[in-house]
Amino acid sequence: MYARITGVGGYLPGSPVSNDDLVRRGVATSDEWIATRTGIRARHLAEGACASSDLALEASRRALEAAGMAASGLDLIIVATTTPDFIFPSTACLLQGKLGNAGAMAFDVQAVCGGFVYALNVAEKFIRSGSHKTALVVGADVFSRILDWRDRATCVLFGDGAGAVVLTASDAPGIIATAARADGSRHGILAVAGQVCGGQVCGDPFVRMDGQAVFKFAVRVMSEIALECCDAAGISPSAIDWLVPHQANIRIIESTAKKLGLSMDKIVVTVDRHGNTSAASIPLALDAAVRDGRIRRGQKVMLEGVGAGVTWGAVLLQY
Ligand code: ACO
């Protein structure tokens, strides 16, 4: 029994906000600085009351449409998010209500930018066990809400969005191999270390990051976890048709490709136009490459992510 992707969907709010738009909004930066160091040219930002569950709803509808099924057919809903609408109920339950599904198991996964591969890992186990037949796995984040717009070293990096896949139990492959890891000793290199306590925000409620430490760590583990996944499947990285990495920084992506011996024309890149959408970045990139016809049925696709925690993971699948 395999868990097979039968539908993919993505959603980005509003119009693109360019690097020059950020300068016009008062951020002390430049298109040249951002593009040279990160590859980012634009991102989308959710306005007003638009929340993670709203973005998740649009992406989920598109994934369900692509899978040719109704929300009532889902028996598992997992949302990876770091920016839930509320502390509770979970964004997965809010999404379930908006989709009009009743009865599916629904919960959130919190592994920041590693969230989507974590959620896919979990959903695959449910399907392989035979306990569940059809899962909706979503990555959705509105990171713009937890950015300090006076901190130019972080605020230029992120964007908002959502991506979703429908996973169905199938005799045909399917997810072939998975790997997921964490190292909590490195929790301080990227964190939002504030919380609500006694009705007040205690600590720092915005994203803080040691950019160079994150960069070095990401470059190391992105290739390691992909190799671990290839080993588990008994294939060499050269057998991968498409690598869909977490979209944080083009230099991290290029370095990973080099270490795996993959040319950049096998790598799906959206960081230039999406920025880093955290848990949404991998399914958004997957959606882009499926819809424009690059990723085709039968091809081997490696999804991989790394995020605060530190968490990281990979999923190798036959699309
Ligand atoms: N515009 C202009 N100048 C800036 C900006 C900005 N947006 N941000 C920082 N600077 C300045 C700094 O003030 C500093 O100036 P100084 O030398 O006068 O003090 C200078 O640029 C260099 O700053 P560094 O922080 O050393 O810049 P660095 O070359 O390390 O690049 C960056 C920073 C792009 C964040 C890099 O470290 C990086 O990409 N790290 C990876 C982090 C990442 O991708 N995180 C995403 C979340 S985690 C994840 O998804 C895996």
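The values are calculated or read from the model by the stated rules, or taken from the named source; none is laboratory data. Just so it is clear, the model here is predicted, and its values are computed rather than measured. Quick reminder, even Gly has a Cβ in these numbers, built from the backbone with ideal geometry, and neighbours come from all protein chains shown. The protein model used for the area step is the full one, side chains on, heavy atoms only, and it has no ligands, DNA or RNA in it. Shrake-Rupley method; radii C 1.70, N 1.55, O 1.52, S 1.80 Å.
What to note about this one:
- In terms of accessible area, using a 1.4 Å probe and ignoring ligands and nucleic acids, Glu228, Glu254 rank largest first as Glu254, Glu228.
- Cα gyration tensor category, rounded, prolate or oblate, for region 238-319 with a/c compared to 1.5: rounded
- At full extension, Arg251 and Ala70 could sit 61.2 nm farther apart than now, given 0.36 nm per residue minus the alpha carbon distance.
- Across the accessible surface of region 48-171, with the other protein chains kept in place and a 1.4 Å probe, carbon and sulfur atoms take up 57 percent.
- When the chain is treated as a GNM with alpha-carbon contacts under 10 Å, the residue of Val79, Val306, Val23 showing the greatest mean-square fluctuation is Val23.
- Dipole axis of region 141-285 (+1 Lys, Arg; -1 Asp, Glu on Cβ), positive-most option in Ala172, Ala193, Pro283: Ala193
- Extension gain from Asp21 to Arg291, taking 0.36 nm per residue of separation minus the Cα-Cα distance: 94.4 nm
- Partnerless cysteines, meaning none of the other Cys C-beta atoms lie under 4.7 Å away, in the chain: Cys50, Cys93, Cys113, Cys155, Cys229, Cys230
- Beta bridge orientation in the chain: antiparallel %, DSSP, nearest 5: 70 percent
- Calculated accessible area for the chain comes out at 40 Å² per residue, all protein chains present (probe 1.4 Å; ligands, DNA, RNA ignored).
- Taking the Cα centre of region 56-117 as origin and assigning +1 to Lys and Arg Cβ atoms and -1 to Asp and Glu Cβ atoms, the resulting dipole is close to 80 debye.
- Lys/Arg +1, Asp/Glu -1 at C-beta; the chain dipole; positive extreme among Ala46, Gly203, Val137: Val137
- Accessible-area value, Tyr319, 1.4 Å probe, nucleic acids and ligands omitted, Å²: 20 Å²
- Here the calculated FRET efficiency for Val201 and Asp171, from their Cβ-Cβ distance with R0 = 45 Å, stands at 0.30, rounded to the nearest 0.05.
- When Asp171, Asp183 are compared by accessible area at a 1.4 angstrom probe, the order from most to least is Asp171, Asp183.
- Computed from point charges on the beta carbon alone (+1 for Lys and Arg, -1 for Asp and Glu), the dipole magnitude for region 250-305 about its Cα centre is near 200 Debye.
- A Cβ-based charge dipole, computed about the Cα centre of the chain with Lys and Arg at +1 and Asp and Glu at -1, lands at about 380 debye.
- Residue of Gly198, Gly298, Gly14 that the Gaussian network model of the chain assigns the largest fluctuation, springs spanning Cα pairs under 10 Å: Gly198
- For a label point 7 Å along the Cα-to-beta-carbon line of Asp231, residues of region 155-187 with backbone N under 14 Å: 178-181
- Rounded if a/c under 1.5, otherwise prolate or oblate - region 101-237, Cα gyration tensor axes: oblate
- Remark on Thr82: its backbone amide H falls under 5 Å from those of Ala279, a criterion applied only to residues 5 or more positions apart or on other chains, H modelled at 1.01 Å from N.
- Estimated FRET transfer efficiency when R0 is 30 angstrom, pair Ser131-Lys98 (beta carbons, to 0.05): 0.75
- Percentage relative contact order, the chain, counting C-alpha pairs under 8 Å, at least six apart: 26 percent
- Amide H partners (placed H, <5 Å) of Ile77, local residues excluded: Met105, Ala106, Phe107, Leu136
- Region 1-141: C-alpha gyration tensor shape, a/c 1.5 cut-off, then a/b vs b/c: prolate
- 16 Å Cα-Cα reach of Lys266 towards lysines, excluding residues that sit fewer than 8 places from it in its own chain: Lys258, Lys300
- With contacts taken as Cα pairs under 8 Å at a separation of at least 6 residues, region 59-179 carries a relative contact order of 31 percent.
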